[in-house]
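None of the figures in this text is laboratory data; all of them are computed from the coordinates on show. All values derive from a computational prediction rather than experimental measurement. Positions of Cβ are generated from backbone atoms using ideal geometry, with glycine treated the same way; all protein chains shown enter the neighbour counts.
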Amino acid sequence: MAQRFCKTQACRAVRGATAFPTVAAPTEHGAARSGHWRVRVLLAGVGGGIAVAALAWTGVRQLRRHRFERRQRAAACGLAEALELVVGELRSGAHPASAVADVAADVDPEAQKALQAIASTARLGGDVRAAVDRLALEDPLRGPVLKQFGEAWSTAENHGVPLAELVEALYRDLSQRVRFAHQVEARMAGPRATASVLACLPVLGLLLGEAMGAAPLAVLVRTGVGQVLLVIGSALMCAGVTWSARLVSRVVTS
C-alpha cells in the first residue's frame, strides 16, 4: 500500500512538472544588455542622429519643392483661363479696366486679388505697370505672367497697340507652356520613379544584410567606424536625391 502511494505521488509530480514547465527568469545582466541594445538601436548614437536629421531635412525640402511646382502649374492654368476671358471681354468692346474687373469675379481667389488691384489702378488713372510689378513681388507663383501682362498694358497705352491682341498673344504663349509642362511632367514620371528606387537601395541593402545574418545595423550602431560610415552614407543619399530632383526640375522648367 505504501509502495503504491509512493508511485501515485511520483506520477502526480511528473505530470505536474510536465503540465507546468518552469521558465528560468532572465538574469539582471542579460536584461540590462537587452535594454541597452534597444536604446542604442533607437538612438543609433550621434551618427544616427545626424543621419536622421539630414534625411528628414532633404525629404522636407524635396516635398516643399514638389508642392511649389504643383502650385505654380495650377496658378499658370488659372491665369491662362483668366487671360482668355479678358480677351473675350476686350473683343466685345469693353474698357480694359471693366474687362479685368468683370473677369476677376470668375477666377480663383489669388488671381482675383491681382486682377482687382489692376482694375482699381486703371480706373483711378494710376501706373498699372508699377502696380503689376508690386503684385509680382508679392506673388512669386504668378509673378512672371503678371509682369508680362503689365508690359502688354504699358505697350498698349504708350504705343496705341490694341490691348486685346497683346493679351491674346500672351494667352497663347502661356497656354502652350502649360500644355508642354504637363506633357513633360507625364514623361518624367519614369525617371522620378527610378530615382526614388535608387534612393531606397541602401535601406534595402541593410535589410538584406540583416536577413542574411551579417548584422550591418550592429556595425553602424556599436562601432565608431560604423557611425562615420552612417553619416557618410546618409550624406551621399541626400546628395543623390537632391541632384536627381534638380536634373528633373531643369528638364521640366526649361
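Computed from the C-beta positions of residue 124 and residue 176, the FRET efficiency with R₀ = 45 Å rounds to 0.85. Overall, the anisotropy analysis places segment 83-173 in the rounded class: the square-rooted eigenvalues a ≥ b ≥ c of its C-alpha gyration tensor yield a/c less than 1.5. State whether segment 123-202 is rounded, prolate or oblate according to the following rule on the C-alpha gyration tensor (a ≥ b ≥ c being the square roots of its eigenvalues): a/c under 1.5 gives rounded; otherwise a/b larger than b/c gives prolate, and the remaining case gives oblate. Judged from the Cα gyration tensor, segment 123-202 comes out oblate (a/c at least 1.5, b/c at or above a/b). What shape does segment 67-116 have by the C-alpha gyration tensor, where a ≥ b ≥ c are the square roots of the eigenvalues, rounded means a/c under 1.5, and otherwise prolate means a/b greater than b/c and oblate the rest? Prolate shape, in that a/c is at least 1.5 and a/b is the bigger ratio. About its Cα centre, the dipole of segment 77-219 is roughly 360 debye, where the only charges are +1 on Lys and Arg Cβ and -1 on Asp and Glu Cβ. Ranking of 182, 159 by neighbouring Cβ atoms within 10 Å, starting from the fewest: 159, 182. In terms of other Cβ atoms within 10 Å, 243, 153 run from fewest to most in the order 243, 153. Per-residue Karplus couplings for segment 235-247, computed as 6.51 cos²θ - 1.76 cosθ + 1.60 with θ equal to phi - 60°, are listed in order as 5, 5, 4, 5, 5, x, 5, 5, 5, 5, 5, 5, 4 Hz, Gly and Pro entered as x.
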